[in-house]
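First comes the structure, then the notes that go with it.
The values are calculated or read from the model by the stated rules, or taken from the named source; none is laboratory data. Only a predicted model underlies this, so the values are computations on that prediction, with no experimental measurement involved. Note that we place each Cβ from the backbone using ideal geometry, even for glycine, and neighbour counts take in every protein chain shown. Each accessible area value is taken on the protein alone, full model and side chains, heavy atoms only, with ligands, DNA and RNA left out. Shrake-Rupley method; radii C 1.70, N 1.55, O 1.52, S 1.80 Å.
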Amino acid sequence: MNKINRQLLTIKENMWLCRIMSFLSSPLQSSFLICVIIWGIAFTMWPYGKDNVRLMVFCLGAVVSPLLIWCILRFTYLHHLSIASEKVKNYTRDKPNTSRKVIKLDEIIIKEIFFSVIVTLAIVLPIKHKKAFDLGQGYASPSFIVALIILIYCILGIMLFLSRGFQINFLVGKILLSEIDFNYSFTRGSGGYSLHTTNFYLRLLVWMCTIFILVTIFCLVFELLNVPVCFAYILCTCLIPTIIIYRVERVIHWRHDFNLASDMCLRINAVNQAATHG
């Protein structure tokens, strides 16, 4: 703790260091810097590595990129810690909202769904050329229906796996910055939380049964309506219940983390008030 305090003091005393950390703490700016560095390394390595492109891509993607990200995070975490220490020290619950935009849960989840679907489709779409997804026998082919059900299970599993992390620290920071209110306006309008009392594995079983039934129905309806044979049509249709399920799970997850973050901020407020009155 003393070491961290000394480092924080050093940062506050050096304006140039504060500016560098502030610059790198922006995701857009730090990402641009990483891209420039990787491009420069690739340009330098190309004359020597053009005969073994796979090895060069592996080195840049599996070694250089993670190392650069780790270095930037290691360098900037003290900047965020310095800001957090000031916010925690001066935080009171009755502090009025600033001019910052107040965020809502649905806004975050919509962004999560958008990026999750893009990443997931990039992973699973190449397998549409597999024999199991051949629509030569129509949408009602038993082998195609089973393969599609398994694919939707995999898509939902990947989406839930990639978003499994806790968001408590993020929410605490947003509350301290007055970008989230205590009056639950953050979660207002976000349905699905009533299922939080149900065991996760029981919910997962219900979701799997729901997907099995709906995918089967969609395939049969497409066959009866003589919908033009196209894998993208049936996949996008089957993704609708998957996205709804994902949204419900994310609402439950975010509401749980929001409750814990609110409790932490209430404790911070109590400590600060006790210190002020003491």
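Structure summary
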{"quantity": "Length gained when the stretch R267-T216 is fully extended (0.36 nm per residue, less Cα-Cα span)", "calculated": "13.3 nm"}
{"quantity": "Contour excess over end-to-end distance, with Cα ends at S22 and M208 and 0.36 nm allotted per residue", "calculated": "62.4 nm"}
{"quantity": "Highest-first arrangement of 223-231, 139-147, where packing means the average Cβ count within 10 Å", "calculated": "139-147, 223-231"}
{"quantity": "Semi-axis lengths, Å, the stretch 99-177, gyration tensor of Cα atoms, sqrt of 5 times eigenvalues", "calculated": "38, 12, 10"}
{"quantity": "Largest to smallest accessible area among Y48, Y201, Y233 [probe 1.4 Å]", "calculated": "Y48, Y201, Y233"}
{"quantity": "Among 237-246, 55-64, the order from most to least packed when residues are scored by Cβ within 10 Å on average", "calculated": "237-246, 55-64"}
